[in-house]
Every structure is written in C-alpha cells, then in structure tokens.
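Have a look at the structure below before the remarks.
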Amino acid sequence: MATWQQPEHDGEDRPPTPRSAACPRGITVVPNGPVLIEGPVEVAMPDGTTARSERVVVAVCTCLRSRRLPWCDTSHRARPRRTSARGE
Amino acid sequence: MTRGARTAVTDGDAPTGPHRPPALPTARGPVSKAVLDVLRQAPGSGVPPIGQAPDPWGEDAQLALYLCYELHYRDLPGVDAGWEWDPQLLALRARLEEAFLAALRTAVGDPGSVDLAMDAVLHPARGGPKGPSALLVERPDVERFREYVVHRSVFQLKEADPQALLIPRLAGRAKAAVVAVEFDEFGAGRAERVHARLYADLMRGLGLDDGCNAYLDRVPAPMLAVVNAMSLFGWHRRLRGMAAGHFAALEAGSSPGAARLADALALLGIDDPACTVFFTEHVEADAVHEQLMRREVLGGLLEDEPGAAADIAFGIRVSTLLDDRFGAHVREAWAAGRSSLRGGPLASLAAR
C-alpha cells in the first residue's frame, strides 16, 4: 500500500528531472478518492489551459465533483445520490 | 519580527501593536494569577502551591496551561525565557495536564477503532448542530467572521508548530510523510507561503492585529482547549499516538470548513487575496494532507506500533470533541446575539 515514495533529488528544482526506470514516478489510486501523484504536476485541461501544482504530493480529482478541478477538494466524500457537492 | 515589514493595522481593542508595549494577559482565576505572578520574577524564584487543581475546562486552568506551553513556542512579554524548563513550573503544568487529560478521557469515553473515529470526521452526521463556518455561510456577517478569525489566531499564527513535535517521535514512512505535510504547512521553502504567515495576512486584511497573542485576553477557554490539546500531545513523546491521530483529524476535517469560509468571504464581497488565499490554499492542501496523514502517517505508525491504535483513535476523537465544544460556544453566543469573544464585540471594521 505504501506506494508514495520520496523522489530522488538531484539538486535541481525546476524543471523536474525526467524519471529514470530506476526511479519511476509514484502514483497512488485512492479507492473512491483522488489519484495521488508526486509533484510538481502540470495538468493539461480540456479547455487548453494548464493547471500547475508544485506540492510534494498532488491530489488529482477523479470524481469530477471538485469545485477546484483538476485538484481534489474532498467533495468525493459526499455520499452518492446527493445533489449538492458543496462541502459536508 | 519579519511581519514588521508591513504596517500592522491595529484593532482598537488589541492590547498590543507596533507602537504599544505588549503586555501579559489578565489572570482568569487563582492558578493563572499564580503563573502570571511567577513569570514576572526570575526563573528559579519559586512557584507557590496551587492547592486543589482547578476545573480543567475552566478559563483559569486553560489560560494557565496555555501560558506554560507558550514558553516553549515564543517569548512572552517581559518574561525570562529561562522559565521554559523551570522544574517547579513544569510540576505545576504537569498537574494541569493530568487533570486535562483525565477530563478528555472522561468526555471521549471509549474511542473505538481508528477507522470509526476517522469516519466520524470524514462523514459528520447530517442535520447535526452547525459549526461556525456553516453559520457564517448561512448568515454572512463580517464582524462575526472577524470574531472567528480572532478565536483561531491562538493556533493559526503558530499553525503546524505543535505538530512539528511529532517528527522526531516517528520513524520510516510515518516520519517521511509527516515531514512532507509539514513542508507544505511551512510554505514549501517560501516564507510568504507559510500558512501562519497567510493567516497573518488574513488578519491584517480584516483590520485585525496580527501580533502573536494580541487577542489572548479575548479568547475563551473552549478555543484555548483546542490549542492546549495539541501542545499536550506534542510535548509528550508517550502521547505520540494521540498527536498523530489529532493531526490526521485536523487535516481531514479542514478542507470542507475552509471551503465554507471561502464561500462566506465571497458572499461578503471580500475578494482581497490577503484574505482569501489562506482558505483556498487549505481546501487544496488539506485534501492532499488528509491522504498522507491517513495512509502514510497513521498507516505507518500502526505498522510500527500496532499498540498505538487506541491512542490514535483517542486523538481523533479529542479533535472532534474540542471542535464541537468550541462550535457550541460560538453558536450559543451568536444565537443569543452576543459576541463569542471575552469582553464583548471587537471594535467594528466600519468604525475604524
């Protein structure tokens, strides 16, 4: 289960070093939750814009209920068949 | 001192500010008076016996405990920093801590499993009493919003400091993940992104004094208990399971509340980034932190120390309990048309 790993650091902050086969980028799929990806992350959005996050770990929404897409805002916690996705 | 670079807008009620010498708070009973009296002396000059320990939930005990802990975090005005490790003061603190922990145990009862305790944080019962953030969305009011910000300042201006005490007490993936969360809390290498700094920006944006403990006299026991519990768990290695559980609950509960407070600001027509960023940052950051805290910190700690489960569950329950008690305090005051702060309403933003 412990799929999140500290990436190797070569002293360069940006742009991120391409991962080698020896140090693949760790991605964790949270059941009924976001996908956790080692940051920084750039997400190409359908409208042509790019969302960027520089966190060590980034949570990308998969339920599409987030009000801050592409990032998780914990809206997945809302039970199914609820009409409001705003908070709890 | 770095905050002095920008001029603080000082609230009329605040006892401190750049041009006024800061003062120690006012005592709230015999024990806090005894602590304040000794802090004005030189360390080692003795601490009088306090007799019977005061009500652990009361104003007197909570302020006394807060002052004892504050010595670990920062200077108190006019107080010799040597008091931090004064054996007699530590002995007094230990009595207050013992009573507080016993009161928490009684109030929590059987904490149940870690999963059940966390589920209560993630899926609070519907139709339950509303907390301050929900009340502020329901009825946006800038003066109530400022009150809420003043309450929280006793923690938020040192946000993540009590939790940093967990780091040396964990190992392996629990340690690595708690450091990752704290790195984010402390701005990921950027001073202007430190969450405590974002809170100071928010306070100034709302015309409040961002000085540490500027409003301590105003903050009542239910809020002091929230921050004292973090310090209690943080300053005792044996309570590390409670500290980890409490921190996980804090992060897991924070995103929805931050989203509601961002909504409340929007409803109030406040779009100054100095005010909004603290909340929008927490919606996103704490969604990540929740996952790291639950999966890696709690998961890692339970793997290393299966016996920590009861303490972790207790820490989670304490977080919920103290949030609920604070929420009830604010709700009751507002429902009665009163200020939820000690000493009545703040000088209004409009009057300034």
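The values are calculated or read from the model by the stated rules, or taken from the named source; none is laboratory data. Small disclaimer: the values here were computed from a predicted structure and weren't measured. Glycine gets a Cβ as well: all are built from the backbone with ideal geometry, and neighbour counts include every protein chain shown.
Listing for the model above:
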{"item": "Where a residue in the range A:22-35 is within 12 Å of chain B (Cβ to nearest Cβ) and its partner, wherever it lies, is at pLDDT below 90 and assigned to a loop (DSSP other than H, G, I, E, B), with Cβ under 8 Å and at least six apart", "result": "A:Gly26/A:Thr3; A:Gly26/A:Trp4; A:Gly26/A:Gln5; A:Gly26/A:Pro7; A:Thr28/A:Thr3; A:Thr28/A:Trp4"}
{"item": "Residue count, the range B:116-129 (criterion: assigned to a helix (DSSP H, G or I) and either surrounded by 13 or more Cβ atoms within 10 Å (Cβ to Cβ) or within 11 Å of chain A (Cβ to nearest Cβ) (or both))", "result": "6"}
{"item": "Options B:Phe186, B:Phe233, B:Phe155: the member that is crowded, with 23+ Cβ neighbours inside 10 Å, aromatic (Phe, Trp, Tyr) and at pLDDT 95 or above", "result": "B:Phe233"}
{"item": "Only one of B:Arg317, B:Arg294, B:Arg331 that is surrounded by fewer than 24 Cβ atoms within 10 Å (Cβ to Cβ) and either away from every other protein chain (no Cβ under 14 Å) or over 17 Å from B:Glu182 (Cα atoms) (or both)", "result": "B:Arg331"}
{"item": "All positions within the range A:40-81 that are basic (Lys, Arg), at the interface with chain B (Cβ under 8 Å from one of its Cβ atoms) and either in contact with a strand residue (DSSP E or B) (Cβ under 7 Å, 6 or more places away or on another chain) or without any contact (Cβ under 8 Å) to a residue 12 or more places away in the chain (or both)", "result": "A:Arg68, A:Arg77, A:Arg79"}
{"item": "Those residues of the range B:263-284 which are among the aliphatic types (A, V, I, L, M) and closer than 16 Å to B:Ala200 by Cα, in sequence order", "result": "B:Ala274, B:Val277"}
{"item": "Options B:Gly300, B:Gly307; residue that is of a type outside the set (D, E, K, R) and surrounded by fewer than 18 Cβ atoms within 10 Å (Cβ to Cβ)", "result": "B:Gly307"}
{"item": "The range B:257-283 - residue that is assigned to a helix (DSSP H, G or I) and without any contact (Cβ under 8 Å) to a residue 12 or more places away in the chain and, of those, farthest from A:Val57 (Cα to Cα)", "result": "B:Ala266"}
{"item": "Cβ-Cβ under 7 Å pairs, at least 6 apart or on other chains, the range B:291-318 side in the same structural domain as B:Gly245 (by TED's automatic domain parsing), far side surrounded by fewer than 20 Cβ atoms within 10 Å (Cβ to Cβ) and among the acidic types (Asp, Glu)", "result": "none"}
{"item": "Extreme residue, surrounded by the most Cβ atoms within 10 Å (Cβ to Cβ), among residues of the range A:44-54 that are out of contact with any Asp or Glu (no Cβ under 6 Å at 6 or more places or on another chain) and under 17 Å from B:Ala285 (Cα atoms)", "result": "A:Ser53"}
{"item": "Check on B:Ala347, in a loop (DSSP other than H, G, I, E, B), out of contact with any His (no Cβ under 9 Å at 6 or more places or on another chain) and of a type in the set (A, V, I, L, M, F, W, C)", "result": "yes"}
{"item": "Residue match in the range B:124-147 (condition: more than 22 Å from the chain's Cα centre (by Cα) and closer than 16 Å to B:Gly205 by Cα)", "result": "yes"}
